[in-house]
Amino acid sequence: MTLVKFNNGLKNNAHPFFNDVFDSLLNDSYIGDKLVARVPAVNIAENDNEFHIELAVPGLKKEDFKINLDKNILTVSAKKKTEANPEAKKYSKLEYSYNSFLRSFTLPDSVDHSKIEADYADGILKLTVAKREEAKFQTREIAIK
């Protein structure tokens, strides 16, 4: 089997105008941003006393977040509407944007629902979910008789 490379990796030079138009359309930041997934990355860690959930959500304010607990489902959502300054003159491009996300986490039965805390700093939303006292793993040495 032979691999054949067409155009030697070069663009079609017959109509360079079309290449420029399509490149600008496909590489436009507005279109490119819309194609990127808008769900924040999450880190989840656990220690003996609690679970730590961290979401990477830069550019938001703590007022943008809504955190709900329904039975064992912890839901984190945010909404942000960004508008261009309507008083600016001579628009060549004017974009309005509305970003939102929703992440849900199923909590284990071992959590204490009354001890869930949230903190937002430096673009990271940190949730601390405490474990119930009876669910904490207790270590001890067992003597052999």
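A short reminder: the numbers here are calculations on the coordinates, not readings from a lab. Not measured: the values here are computed from a predicted model. Every residue, glycine among them, receives a Cβ derived from its backbone with ideal geometry; neighbour counts consider all protein chains shown.
Kindly state, to the nearest 0.05, the FRET efficiency for Arg38 paired with Lys71, given R0 = 30 Å and r defined as their beta-carbon distance.
After rounding, the FRET efficiency stands at 0.70.
So, counting K/R as plus one and D/E as minus one, what does the shell of residues with Cβ under 14 Å around Tyr120 add up to?
Counting the neighbours of Tyr120, the net charge comes to -1.
If R0 is 41 Å, what FRET efficiency do you get for Ile144 and Asn49 from their C-beta distance, rounded to 0.05?
It comes out at approximately 0.85.
Lys126 to Lys90: FRET efficiency via 1/(1 + (r/R0)^6), r the Cβ-Cβ distance, R0 41 Å, to the nearest 0.05? The partial results should precede the final answer.
Numbers: r = 43 Å, r/R0 = 1.06.
For Lys126 and Lys90, the calculated efficiency is 0.40.
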